[in-house]
Amino acid sequence: MQSTFSGIEIGKRSMVAHNQALNTVGHNLSNMSTEGYSRQRVEFRAFDPIYRPQLEREETPGQVGQGVSVERIERIRDMLLEGRIVSQTSKEGYWETRENYSLQLEQIYNEPSESSTRSHMDRFWDSWQELSAHPSEMAARQSLVARAETFLDAVHDRFQRLSSLRTQVDMDIQARVTEINGFTSEIAELNTEIVKSRALGDNPNDLMDRRDLLVEKLSKLINISTDGRDKDEFMIHTAGNILVQGSVARSFSLGTDLENDGLTRVDWAWSGEKAFFKSGSLASLIELRDGDIRQEIQNLDVMALNFTDLVNEIHRSAYGMNGKTGQDFFVERPYINNLAGNFDRDGDGNYDASYVYRMTAANKLDAKEQIGLAGFISLPGVGGNVSIEYRPTDTVQDVVDKINRSGAEVMARLDRSGRLEIKASPANAIENPDFVIRSLEDSGEFLVGYAGLLAQSGPAGAYGWERADAVTGLRPNGVDFAVAPLAHPSGWMEINEGIKQDLTSIAAGFGVNGKVAEAGDGSAALAIASLRNSQVMVGGLKTFDDYFQSTVVAAGERGSQAEIAMTDQNAIMKQLRDLRDSISGVNMDEELSNMIKFQHGYSAAASFIKNVNEMLDTIINRMGV
């Protein structure tokens, strides 16, 4: 039969269960403002009855209950929803970072304004225009040098601001990697504690909340996916690799990328391989540093190098008031001192590459003349060589335009004397150097006998940069070439000191038949001023004005895109987080209602014990013998 004292045990179990439920309500209310906290709920279960059907027992009318017990305290969490939030958070982190830096990039371009770089360039061209009208006046020359210095200062300032922003992004990358390593290490430690707690039969709800919060923070930095199917070995994956596996965390290391201006390279610490990310704040920072900002610096370098090169080309062929010629107006600094462009790329003490920036063919061409030739020109491009077909009906200008529209990493033009000029442009791939012609081949005769650049057609006469003395394979007579410039010409371009010391050295006239230009000859100054609207840039950037327009438009478009995308991501994340709060968040009204319910349950259990105690007192102390 059931024990006489079983009622007290039933009441005690009820008081313990409701007391634990009240404590859980208090825990929920205490953590209403705790980030990442999920409300917890006590699951009651009827305690095992005295008799079970499968056991031998005396004949009774049914099972005899023994009260209530707490089966578990579970946290209210929708794991499918959590997976969606983790996946979407990386996109939020990507666009949030991109919007922030896009705004800073926009602020660098002070366009349009009186103090902008473009305004200073316009004044520089105006000075040459004035000199062409007054070539014998010193005031015009003084104004020209002053405006040239002001323009160069503006270019240097833009370069420094872009470089500073790139350095700032690089430092942010380092901070993010340190943060990621901290998160993964803490998650691995939590995994260990969670497994230990479960082994004791507990539900480590608070530990799991902390882990989920760290996973969400981690997903804002990099794109990750989680796998919790094995409760003893929670896993996090990123970019096809395991980042966290149970108690083991893999970290990232920071190295120096010499091919990328010595900036930070993010590697897997365990293998040394470069790490790649698709989304998240870190992916956005790397993309900004090695994509957007690097491209802006490259575009500025293209403008600066073309600017100095073209002005110098005209200035060298003209005469100053003092009768001197052959002088550069701007200083051009070569990347290497070797006249053939030979360079020791791998640092083993032997020349193994040719760094050539510009090649000028030997023959003079007419831009409107049909070439009467057919073939294919192979040029270096993004991801491999670009093939350009030319036909007999094409004019020389048609072939030049095809080269510039092909997407190849070189540009073509006819110089003042009509000779074909091939110039290198910045490389898309970080491992390739900027302003280096990497390859040049023609299956026909356009670059060979017609233009007079290559010595032979086909692979036998192809130019390749990955060997020393590559220029010896060019046409032996009449071909001019220039070695690659020092990195980032927009940061070092300056006026020739000889020009600044002697203003009469400024060349304003071409002269006639090799004779010194007369005092009133301003033809050279006019030719330089006309560069303002000449098609001298590469691809879609045909003029200097095109460069300034494109940079401002590109910066505005990037900012607008990031703002729109960020707005969309905020709306999506708000919906997901609101839904999670409705499921997992602590509701004060609900908790107070539960508190009243559990209080009454506790009071009822206490009253039940009191009544049972009174009955037992009657039986034990008041019944006679």
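The values are calculated or read from the model by the stated rules, or taken from the named source; none is laboratory data. From a predicted model like this one, the values you see are computed outputs, not experimental measurements. Methodologically, a virtual Cβ is constructed for each residue, glycine included, from the backbone with ideal geometry; neighbour enumeration extends over all protein chains shown. These area figures cover heavy atoms from the full protein model, side chains too; ligands, DNA and RNA do not enter into them. Shrake-Rupley method; radii C 1.70, N 1.55, O 1.52, S 1.80 Å.
Can you say whether SER378 is of a type in the set (S, T, N, Q), buried (at least 18 other Cβ atoms within 10 Å of the Cβ), in contact (Cβ under 8 Å) with a residue 24 or more places away in the chain and closer than 30 Å to ALA487 by Cβ, as far as the supplied structure shows? Yes.
Within region 602-622, residues that are touching a residue at least 12 places away in the same chain (Cβ under 8 Å) sit with their Cβ atoms under 9 Å from residues that are charged (D, E, K, R), at 6+ positions apart or across chains, in these pairs: ALA605/LYS12; ALA605/ARG13; ILE609/LYS12.
Of the numbered criteria (1) buried (at least 22 other Cβ atoms within 10 Å of the Cβ); (2) touching a Phe, Trp or Tyr at 6+ places or on another chain (Cβ under 6 Å); (3) under 12 Å from LEU440 (Cα atoms), the one SER387 fails is (1). Filtered by the rule that a residue be part of a loop (DSSP other than H, G, I, E, B) and either at negative phi or at pLDDT 85 or above (or both), region 506-526 gives ILE506, PHE510, VAL512, LYS515, VAL516, ALA517, GLU518, ALA519, GLY520, ASP521, GLY522. Could you tell me how many of the residues in region 544-592 are in contact with a Phe, Trp or Tyr (Cβ under 7 Å, 6 or more places away or on another chain) and either open to solvent by 50 Å² or more (accessible area, probe 1.4 Å) or hydroxyl-bearing (Ser, Thr, Tyr) (or both)? Final tally of qualifying residues: 2. Would you please list the contacts, defined by Cβ atoms under 7 Å and residues six or more apart or on different chains, that run from a residue in region 130-158 that is at pLDDT below 95 to a residue that is among the charged types (D, E, K, R) and not in a helix (DSSP H, G or I)? Every condition considered, the pairs that remain are PRO135/ASP521; LEU152/GLU494.
If you filter region 116-131 down to residues that are buried (at least 21 other Cβ atoms within 10 Å of the Cβ) and of a type in the set (Ser, Thr, Tyr), you find that the one that is nearest to ALA527 (Cα to Cα) is SER127.
Among the residues of region 595-625, those identified as under 60 Å from the mean Cα position of the chain (by Cα) and open to solvent by 40 Å² or more (accessible area, probe 1.4 Å) are MET595, ILE596, LYS597, GLN599, HIS600, TYR602. For region 335-346, state whether one or more residues are open to solvent by 40 Å² or more (accessible area, probe 1.4 Å), of a type in the set (Lys, Arg) and modelled with pLDDT of 90 or more. No, that holds for no residue.
In summary, LYS597 fulfils each of the numbered conditions (1) at pLDDT 90 or above; (2) closer than 28 Å to MET138 by Cβ with the single exception of condition (2).
The numbered conditions (1) open to solvent by 30 Å² or more (accessible area, probe 1.4 Å); (2) over 30 Å from ALA283 (Cβ atoms); (3) in a loop (DSSP other than H, G, I, E, B) are all true for ASN110 except (2). The residues of region 361-375 that are open to solvent by 50 Å² or more (accessible area, probe 1.4 Å), assigned to a loop (DSSP other than H, G, I, E, B) and not small (Gly, Ala, Ser), listed by number, are ASP366, LYS368, GLU369.
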